Amino acid sequence: MYFKALLRTLPRCSVDKSSTVQNSERAALQIRMMLANIFLALWRARMIEATMFRAKTQLSDLVKRAQRGEKIILTQGRKKTPVAEIVALSR
């Protein structure tokens, strides 16, 4: 994934004996944290494609995943054409 590769290229922070972090290292740490937060937000909002057959056989699992905030798209046919979406109701 792009964000993981980008995180690996950033320099790691090191703390010296007086427990202070240099400004450039602090900036690198802030960038790493922002990218990690973006990665987590994208991971939580991931989309799942499920065929109609899978939806029939595993509907309860798909509904649970939708309640956790995942986007479930139901597809149909060999081309996997999107036809419906399973969304949790907001209360």
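For residue 25 and residue 84 in one chain, what is 0.36 nm times their gap in residues minus the Cα-Cα distance, to one decimal in nm? It would help to have the intermediate numbers written out before the result.
Details: separation 59, 0.36 × 59 = 21.24 nm, distance 4.72 nm.
That works out to 16.5 nm of additional length.
In this calculation the C-beta distance from residue 61 to residue 34 is compared with R0 = 30 Å, giving a FRET efficiency of 0.35.
Every read-out reported here was derived from the displayed coordinates using simple, explicitly stated rules and does not represent laboratory data. Note that the structure is predicted; figures quoted are calculated from it, not measured. We place every Cβ from the backbone using ideal geometry, glycine too, and count neighbours over all the protein chains shown.
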